[in-house]
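Take a look at the structure set out below.
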Amino acid sequence: MMQTQSMDVSQKASEMTPFQAALGDKAGAHSTDHEAMMRARQVSVFYGAKQALFDVNLDMPAKAVTALIGPSGCGKSTFLRCLNRMNDTIDGARVTGNITIEGDDIYSPAVDPVQLRARVGMVFQKPNPFPKTIFENVAYGPRIHGLAKSKTDLEEIVVNSLQKAGLFNEVKDRLHEAGTGLSGGQQQRLCIARAIAVSPEVILMDEPCSALDPIATAKIEELMDELRQNYCIVIVTHSMQQAARVSQRTAFFHLGILVEEGETSVIFTNPKDNRTQDYITGRFG
Amino acid sequence: MTDTTVAAPEKIHDWASPTSTARVRRRYAADRRLQIYGIAAITAAILVLATLVGSLVLSGYSAFVTSKATVEFYLDPNLIDKDDINNANYRKIVGDSFAKLFPEVTVPRQKTELQKILSTEVRFTLRDYVVANPDKIGQTVRLTVPLSDPFDQLYKGVIPARLNALSSQEAARFENRLKNRGLVEMVDGRTMAKINVYIDPAKVSADDIAAGNFQAILLEGIDALFPGQRVAGIYAMFDDSAAEVIKQRVIANPTLIGSTIEGLSVPVSPAYDTLNKGEIPKIPNPRVGGENEIAWFERLQNLNVLSSPFSTELFTNADSRFPEQAGLWGAIVGSFYALLICFLISFPTGISAAVYLEEFAPKNRWTDLIEVNINNLAAVPSIVFGLLGLAVFLNFFGLPRSAPLVGGMVLSLLTLPTIIIATRAALKAVPPSIRQAALGIGASKHQVVMHHVLPLAMPGILTGTIIGMAQALGETAPLLLIGMNAFITSAPDGFLQAATALPTQIYSWSDSPERGFVARTSAAILVLLGFLVIMNGIAIFLRQRFERKW
């Protein structure tokens, strides 16, 4: 996987795309026969009068990584933010259509967005640990949701989450030092640990590696691969190699429309739509 | 990159041409000019500040020391009733004990004058001493007690013991009008002036020459000497005995009545006599008293009983009519209470308002209007808030005048916009990523604000608050309107007692005529500036210590 990253960009225009190469042995290895964890039906998003997303229908299966790709401004981040109702925090944003998590409508009045965000965790583009200790960063979520009965419980959750995020060995001696003192990649894994500490069912990642160097990126990608054993992961990425490497399903957005979605191996090797073909071969975007 | 051929770009600009180099030169010159303007502005600001502080220190340093005399007081058991120590005649004890230093002073009136050297406060100091040490009654105790204001100023060298008796105009008039006209002569070591006097028969009758009004005759003669100059100074030029000289002359030769004596030598007053002998005539400084007082003071200096230790009174006493006793303690306590009230009102209110506006309020016309109004509120002149306090807090709600409670309430009106604006800026400075992170793991809006945003904004909020408080500490006008410039001789015990504040104390002292208050005023300004510097220092420290780079 490491080698594929150093692939020469000048091959962009060649028939055999690096993304197809990146798929490697993974192509077709995973079928998505899992039950869809999240379903989006006819989702449209408006920012004021401007429509940003048009009737998107997408299933995001459990125990799999779904990658959302597309050029800048195509609505993939907007779609991602619908999934945990982060768009609610933006003035003038309006979401129509229907999104369910395990069959529950997340926009129904019965659903509290605050609790939903515990079920649907999120990792952001720029690592954003709280300016607190590493321990406090991870413990914050369980604490506000009352997930730990005792101090030992809480410690267990923190250690567990850090282990799952592959960070524990690196930070076990300095759990009570500032989380902001870690390197960028470590900070991002800390954010992942913080997200999984509240036992979410879905983890949304909004370009989680765009601020990281290749080695840190590789670590996060490995981590994603492990995490998908237990979580439904939805990732927005600008790197098509990354989408090819980590995801099982890929959805291609263009100008607010979901152009094409399907198994990653299919999208990258045999896209049905010309726009998808053009995008993944680097003709635009 | 996909282009087939790239033509070499045409050379459109010659970077070495004279116009081009001239432009570069002009640009650098403009840079340098901008720097020079900045340095000039900073230099000017520093100069002004240094002048201000320098002049304050120069005029105020003397107030930080008090001139004191160490005197032995005999606590006469006949004068102090052991069962009623408070009401003994300490005035007499002080007077008697002090007079022992001047055994030659026996006249009662002079003894009273003598007492004026010590501060009137001394008897109370002594009373408090005796109340605290009743076992000392019957003994002699050495106490160091303050001098009264004129002698305090004299000892510090602020005022001279003697003044010039004649102004420069008076000296010049003597020189021009008398000496240069050759009218001055020395007779038996006494300076005399020649004067023409008309012995008016209407003023002197030959029957009873001694009863004649020779004073009026003399004045007419003086008027004739200085035509058109009817100023008091010309009459003071001649000695009181001048009229007597005329009288003796007329008694000796009664035929002079009705005629003019020309060139009559009459004595000039002692000051002009001294001036004519080539010395500068001096008189005792009327602030100090007469020659006696000066002699007594010199005696004290020779006895080595005078000292000028650091004036703790300046910080421990409340206001007083006597500058040597007046201190800032009452004002400091009053300011403290007022600021405490101000803080208690404006800090929670300001933060709540700012948090609501910044984090919760929808952005619409109403919140825009509120924001504009808050910003305008910060620009309202403070006296307007004072009037508001007077009209609302005092007249409508009937709160007590001069109370730190009302002062604090008025000041909080002033501080509130500052705190709101500073808090909003501090909240804005917390990056949205922190809010998103907290929201992303399911924190509610309230938790986001209370757990993350507010703690991160706190250093900025505190900085703004301290600066607002410092501004409130220096605010005078609103306090004047609610009566916090009252003359109050004790520190307030509570929020409802009449009190002064530091700036109003400065205002009242600057208005006082006693010489000692000039230094006191400067010293009070320095103390106020000291508090402001400390508060701003804390603000800077907080900012440096807790500032976070994102």
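What follows draws every value from the coordinates through simple rules; no lab data is involved. Treat the numbers as computed from the prediction; the structure is a model and nothing was measured. With ideal geometry, Cβ positions are generated from the backbone for all residues, glycine too; neighbour counts draw on all protein chains shown.
Using only the Cα atoms of segment B:146-221, build the gyration tensor, take square roots of its eigenvalues as a ≥ b ≥ c, and label the shape rounded, prolate or oblate: rounded if a/c is under 1.5, else prolate if a/b is larger than b/c, else oblate. Prolate shape, in that a/c is at least 1.5 and a/b is the bigger ratio.
When only Cα pairs below 8 angstrom with a gap of at least 6 residues are kept, chain B shows a relative contact order of 16 percent. Taking chymotrypsin sites (Phe, Trp or Tyr not before Pro) across segment A:187-285, the ones in a DSSP loop with at most 10 further Cβ atoms lying within 10 angstrom of their Cβ are A:F284.
Between 0 and 90 degrees, rounded to the nearest ten: what's the tilt of helix B:404-429 against the longest Cα principal axis of chain B? Between the helix axis and the principal axis of chain B, the angle is about 40 degrees.
Sorting A:102-110, B:83-91 by their mean Cβ neighbour count within 10 Å, with the most densely packed peptide first, gives B:83-91, A:102-110. With everything on Cα atoms, drop me the angle between helix B:291-303 and the longest principal axis of chain B, reported from 0 to 90° to the nearest 10. Tilt relative to chain B: about 60 degrees. Taking Cα atoms only, the orientation of helix B:454-473 departs from the longest principal axis of chain B by about 20 degrees.
The alpha-carbon of B:K111 sits under 29 angstrom from the alpha-carbons of these lysines, leaving out residues fewer than 8 places away in its chain: B:K68, B:K82, B:K92, B:K100, B:K136, B:K156, B:K282.
The trypsin sites (Lys or Arg not before Pro) of segment B:200-301 that DSSP puts in a loop, and whose beta carbon has at most 12 other beta carbons within 10 Å, are B:R230, B:K277.
Peptides A:127-134, B:384-391 ranked from most to least packed give A:127-134, B:384-391, packing being the mean of other C-beta atoms within 10 angstrom over each peptide's residues. For the residues of A:124-132, the average number of beta carbons from a partner chain within 10 Å of their own beta carbon is 5. Of all lysines in the structure, those lying under 21 Å Cα to Cα from A:K76, and not within fewer than 8 positions of it along the same chain, are A:K50, A:K63, A:K126, A:K272. For the peptide B:455-462, the mean number of other protein chain Cβ atoms found within 10 angstrom of a residue's Cβ is 1. For the residues of A:84-94, the average number of beta carbons from a partner chain within 10 Å of their own beta carbon is 2. Computed from the C-beta positions of B:F487 and B:R190, the FRET efficiency with R₀ = 60 Å rounds to 0.70.
When both bridge partners sit in the protein assembly as shown, DSSP labels roughly 75% of those beta bridges antiparallel. Seen from A:I90, the other residues with C-beta closer than 13 Å to its C-beta sum to a net charge of +4, counting Lys and Arg as +1 and Asp and Glu as -1.
The loop-placed trypsin sites (Lys or Arg not before Pro) in segment B:328-401, going by DSSP, that have at most 14 neighbouring Cβ atoms within 10 Å of their Cβ come out as B:K363, B:R401. Here the relative contact order of segment A:29-183, from alpha carbon pairs under 8 Å that lie six or more residues apart, stands at 19 percent. Straight-distance candidates among the lysines for linking to B:K203, with alpha-carbon spacing under 22 Å and chain neighbours fewer than 8 residues away dropped: B:K194, B:K247. Classify chain A as rounded, prolate or oblate from the Cα gyration tensor: take a ≥ b ≥ c as the square roots of its eigenvalues, call it rounded if a/c is under 1.5, otherwise prolate when a/b beats b/c and oblate if not. In terms of gyration-tensor shape, oblate.
Computed over neighbours whose Cβ is under 13 Å from that of B:P254, the net charge equals 0, Lys and Arg +1, Asp and Glu -1.
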